[in-house]
Amino acid sequence: MKKHLGGRPSEYGPEVLKKAKAYLNGGWKGEGDVVPIIEGLALSIGVCRDTVYQWAKDPEKKEFSDIFKAVQAKQARLLASNGLTGVFNPTITKLFLSKHGYIEKTESDVTSGGEKVTGINYIVPHESKPQADPEAAPGVSVPPGQ
């Protein structure tokens, strides 16, 4: 038996699972949520968000863990679909999707003949020195091109 860490023990049982399934299966709409969210799940079953996360990690609460993961999957799907169609604000959608592992990433692949470039050689013009003008007076120098 696990030692209780303090605080009021959470009341996990069939009623909690029933409420959690109801939330997952559309109850989130009735709760006023635009998409299912973990906080909404917590409120609908009457526990705090931390308890929901603890139950989701508990190997003895596999059914709840599956509901938790399904809420997250449904949220990601709705965000992606509504974000792509312009229904949801792109900035908020991007923020939410980052919690699901989606990231904005730009990659540049600089290649040369199919091979990656490992270094770039620069051609730097050497500093030109004034040259003596054969038509000028002895000892007089002029810059090149003049």
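No lab work stands behind these numbers, since they all come straight from the coordinates. As the structure is a prediction and not an experimental result, all values here were calculated from the model. No Cβ is skipped: glycine too gets one built from the backbone with ideal geometry, and neighbour counts run over all protein chains shown.
The residues in region 13-27 that are part of a helix (DSSP H, G or I), free of Cβ contacts under 8 Å to residues at least 24 places away in the same chain and not basic (Lys, Arg) can be counted, and the count is 6.
Conditions tested, residue by residue: (1) within 19 Å of the chain's Cα centre (by Cα); (2) exposed (fewer than 12 other Cβ atoms within 10 Å of the Cβ); (3) of a type in the set (D, E, K, R).
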| residue | (1), (2), (3) |
| --- | --- |
| Glu11 | no, yes, yes |
| Ala22 | no, no, no |
| Val35 | yes, no, no |
| Gly40 | no, no, no |
| Asp66 | no, no, yes |
| Gln75 | yes, no, no |
| Gly83 | yes, no, no |
| Pro90 | yes, yes, no |
